[in-house]
Amino acid sequence: MHFGHAKEFLIYEASPDGVRFISHRKADQYCGGDSTCGDGESTLQVTIRALAGCEAVLCSKVGYEPWEMLEAAGIAPNGEHAMEPIEEAVMAVYKEMAAAGKLDAKPEAVRATA
């Protein structure tokens, strides 16, 4: 789903042992269509705050403004695995982040959203 159309984010945890669903977080829809995207700055900020603690957000598309705000919040936007089964996509992103040295040094698992 397009980031701006999401009303809910599913929180997953990935580790070398696999992927598991943790919880979901509700969000107000940031984008209601081409003419309203970008008009909800306060809604966008609330949505990004709802994703606090996540290291990545997986979705099909992310606009420039949300992309920049996600990165500023320390959340890596990722649209490379759109339309893949979510557990497979989360594990693929986890492996990509591990290979790039982007995982915390802590042994805790990485949390990703979709």
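General remarks:
- Scanning the range 39-56 for residues that are surrounded by 13 or more Cβ atoms within 10 Å (Cβ to Cβ) and under 16 Å from Asp28 (Cα atoms) yields Gly40, Thr43, Leu44, Gln45, Val46, Thr47, Ile48, Ala50, Leu51.
- Residue pairs meeting the criteria (Cβ under 6 Å; at least 6 apart or on separate chains; first in a loop (DSSP other than H, G, I, E, B), in the range 72-98; second of a type in the set (Ser, Thr, Tyr) and surrounded by fewer than 17 Cβ atoms within 10 Å (Cβ to Cβ)): Gly79/Ser60; Ala82/Ser60
- Every listed requirement among (1) surrounded by 14 or more Cβ atoms within 10 Å (Cβ to Cβ); (2) within 14 Å of the chain's Cα centre (by Cα); (3) over 18 Å from Glu13 (Cα atoms) is met by Val93 save one, (3).
- Of the listed requirements (1) modelled with pLDDT of 90 or more; (2) small (Gly, Ala, Ser); (3) not in a strand (DSSP E or B), Ser23 misses just one: (3).
The values are calculated or read from the model by the stated rules, or taken from the named source; none is laboratory data. Everything quoted here is computed from the prediction, not taken from an experiment. Cβ: placed from backbone, ideal geometry, glycine included. Neighbour counts: every protein chain shown.
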